[in-house]
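Encoded as structure tokens, the structure appears first; notes follow it.
The values are calculated or read from the model by the stated rules, or taken from the named source; none is laboratory data. The structure displayed is predicted, hence computed values, not measured ones. When we count neighbours, we look across all protein chains shown, and the Cβ atoms used for this are built from the backbone with ideal geometry, even at glycine.
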Amino acid sequence: MKILVTGSAGHLGEALMRTLRDTDHDAIGVDILASPFTNIVGSIVDPALAAHILVGIDAVFHAATLHKPHVATHDARAFIDTNVLGTLNLLEAASARTVRAFVFTSTTSAFGGALTPAAEEPAAWITEATVAIPKNIYGVTKTAAEDLCALFHRDRGLPCVILRTSRFFPEDDDHEPTRALYDPVNLKVNEYLYRRVDLADAVDAHLLALEHAQALGFARFIVSATSPFLPEDAAELRVDAARVVARRVPEYSAEYMRRGWRMFPSIDRVYVNERARMQLRWRPRYDFRFVLERLQSGDDPRSPLARAVGSKGYHR
């Protein structure tokens, strides 16, 4: 199968290219930046380029995007051009050809305002049924692109699978007050409880989405590490997250004490990956308990793939 990967110089794009190159698939990477994993340097905002790169392509992994941290450096038009117009160009070209599957990398940030319940309310239990309330141009453009995928499936029969991925980037948190309070690794390990996924697990979800796209037709999935929490934990998570973690993963306390780490005092949402595990048969390995075991044995908590891709920062 000949597969196009957009955003091939980015974290996920490179990870997909690395993985596909070890298979029988023919992977073609496109990005605005040159890289060892980019075959074509150019912008998907250009409809002529989008039409050109889709010739002979069987499937698309559309990972190219402006991210949430770019809100501070790019204007609204840049987000619309890349995240909406770029996606439209690819969908137009894909539906005009023999593309058999279009896998779109979206984001859990699309849920926006639904992720922040009022102070007296329990933690939000986020599933695919949760109504998105975008709160910035990033969320607005990603949900608009999702709607375009739904439209092209409905009107033109293009199999589209949307993966709302949680955090997988290794860069420091873009929220300065949070960076000041926590060691970077401590922060990321905490996030495996409710809002992070390892890059290798994210790639596996994309490959499974490709495998099931034709049968699904159209579907949307949350891609985040499996949380140890249960719905009945939601109220207590808002007021004493450490107590809930100690109850669900008792071995965490000793390791955190040994490292001088801290648990968040409150957790306001939990991403639920049950649909992806059931329908895609996705089996994410890097959850909080597994990462904790790696720390206890002195291993790097990241997957070999995540370590190989490393940190990239965000392009200007």
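Quick notes on this structure:
- Residue list for segment 169-215, restricted to those being assigned to a loop (DSSP other than H, G, I, E, B) and either at pLDDT 95 or above or β-branched (Val, Ile, Thr) (or both): Tyr192, Leu193, Tyr194, Arg195, Val197, Asp198
- Counting only residues that are in a loop (DSSP other than H, G, I, E, B) and exposed (fewer than 15 other Cβ atoms within 10 Å of the Cβ), segment 150-168 holds 1 of them.
- Test result for His70, in contact (Cβ under 8 Å) with a residue 60 or more places away in the chain and out of contact with any Asp or Glu (no Cβ under 9 Å at 6 or more places or on another chain): yes
- Filter result for Glu128 (out of contact with any helix residue (DSSP H, G or I) (no Cβ under 6 Å at 6 or more places or on another chain) and charged (D, E, K, R)): no
- Here Arg97 passes the criteria (1) surrounded by fewer than 20 Cβ atoms within 10 Å (Cβ to Cβ); (2) at pLDDT 95 or above; (3) of a type outside the set (Val, Ile, Thr) except the one numbered (2).
- Any hit, segment 217-229, residues being assigned to a helix (DSSP H, G or I), of a type in the set (Lys, Arg) and at pLDDT 95 or above: no
- Annotation: Val5 fulfils all but one of (1) in a loop (DSSP other than H, G, I, E, B); (2) within 24 Å of Ser109 (Cβ to Cβ); (3) of a type outside the set (S, T, N, Q); the unmet one is (1).
- Residue list for segment 46-96, restricted to those being over 27 Å from Gly157 (Cα atoms) and not hydrophobic (A, V, I, L, M, F, W, C): His67, Lys68, Pro69, His70, Thr73, His74, Asp75, Arg77
- Helices (runs of 4 or more DSSP H) wholly inside segment 252-316 containing at least 2 residues that are at pLDDT 95 or above, surrounded by 12 or more Cβ atoms within 10 Å (Cβ to Cβ) and among the hydrophobic types (A, V, I, L, M, F, W, C): 288-296, 304-309
- Residues that are in a helix (DSSP H, G or I) and either closer than 21 Å to Cys160 by Cβ or among the hydroxyl-bearing types (Ser, Thr, Tyr) (or both) within segment 18-48 comprise Thr19, Leu20, Pro47, listed in sequence order.
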